[in-house]
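Remarks on the structure that follows.
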Amino acid sequence: MDHFPLKRPHFFFTTAPLPCPYVSGRLERKIVTELNGSDADTLHEALSRAGFRRSHSIAYTPACPGCSACVPVRIVANGFSPDRTMRKVVRANGGLVARIVPARATADQFRLFARYQESRHSGGDMALMGFYDYRSMVEDSPIDTFIVEFRDSEGNLAAACLADRMSDGLSAVYSFFDPDLAARSLGTYMVLWLVEEARRLGLPYVYLGYWIAESRKMSYKTRYQPLEAFGPDGWKLLDVED
């Protein structure tokens, strides 16, 4: 594993048990630490390569007793080849224009975010988020974060992806899209776009967060092969059958 020298000690905390949002009947706990100060980027790089994820200015990783369902995964960008279905998704969305913009919340983004939450996750906590909550999610980042907006030929916002830049890849933080365009598989399209952008920048990986075989919402990530998973021996190619 890479070593990143830090200028000062950092403290890690364990959250209280809460119902797991992905596997019914289980409890979720996390190890968390704050990303702040002059070495926030360095700490984020080190923790990301150790399987942590970022939310706002916090880095976290699951620490659930008796459960190891959450597996950090990343796509090997140069080895990736889209399958037939993915190529169809690219063609279906060929009219969209992608533009990288600063991580600044806009009313246009929030309207789409709110529609997406109401349609796809109406019972979840994120469906209750107001504009200022959304702005916090987007802007409270101490590292190099950006948004990719995908607009149609008339300038309408069809989808957006919040992502982090790192020295070895791009990390998908959160994405959302127009629920009326669900048939166009915009979630898949945004991942494919990130892979191509990583290749363009000469970055080896796209970090996808956690793969959870028991969760339909998270199991789709194995479609993006080759895929590496983080475990006790570091990052290894994921053998789905195993």
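Taking 7 Å steps out from each Cα toward its Cβ at Gln225 and Ala182 produces label points 2.8 nm apart. Shown is the FRET efficiency for Arg104 and Ala40, computed with R0 = 22 Å from the Cβ-Cβ distance and rounded to the nearest 0.05: 0.70. Rg then Dmax, both in Å and based on the Cα atoms of region 139-182: 12.4, 36. Packing around the peptides 57-69, 39-51, 133-145, taken as the average count of other Cβ atoms within 10 Å per residue, puts them in this order, highest first: 39-51, 133-145, 57-69.
With the simple spin-label model, which puts each label point 7 Å out from Cα in the Cβ direction, the Asp133 to Lys88 separation comes to 3.6 nm.
Counting only cysteine Cβ atoms and a cutoff under 4.7 Å, the chain contains unmatched residues Cys20, Cys70, Cys161. With the helix formula -39500 (n - 2.57) applied to DSSP H stretches of n ≥ 4, the chain reaches a computed 222 nm mean residue ellipticity of -7500 deg cm²/dmol. Rolling a 1.4 Å probe over the protein heavy atoms gives region 26-142 an accessible area of 52 Å² per residue. Here region 1-144 is treated with +1 on each Lys and Arg Cβ and -1 on each Asp and Glu Cβ, and its dipole about the Cα centre works out to around 580 debye. Ligands, DNA and RNA left out, the 1.4 Å accessible surface of region 125-192 is 45% carbon and sulfur atoms. Placing a label point 7 Å from the Cα of Arg115 along the Cα-to-Cβ line, the residues of region 160-187 whose backbone N sits under 18 Å from it are 160-162, 175-187. Using only the C-alpha atoms, the convex hull of the chain corresponds to 138 Å³ per residue. For Asp239 and Ser68, the difference between the fully extended length at 0.36 nm per residue and the C-alpha to C-alpha distance is 60.0 nm.
The mean of 1/r over all distinct Cα pairs in region 114-214, once inverted, gives the Kirkwood hydrodynamic radius of 14.8 Å. Only Lys, Arg, Asp and Glu carry charge here, each on its Cβ (+1 for the first two, -1 for the last two); on that basis the chain has a dipole of about 360 debye about its Cα centre. With the cut-off at under 20 Å, measuring from each backbone N in region 95-113 to a point 7 Å along the Cα-to-Cβ line of Arg165 picks out 98-106.
The values are calculated or read from the model by the stated rules, or taken from the named source; none is laboratory data. Note that the structure is predicted; figures quoted are calculated from it, not measured. No Cβ is skipped: glycine too gets one built from the backbone with ideal geometry, and neighbour counts run over all protein chains shown. The protein model used for the area step is the full one, side chains on, heavy atoms only, and it has no ligands, DNA or RNA in it. Shrake-Rupley method; radii C 1.70, N 1.55, O 1.52, S 1.80 Å.
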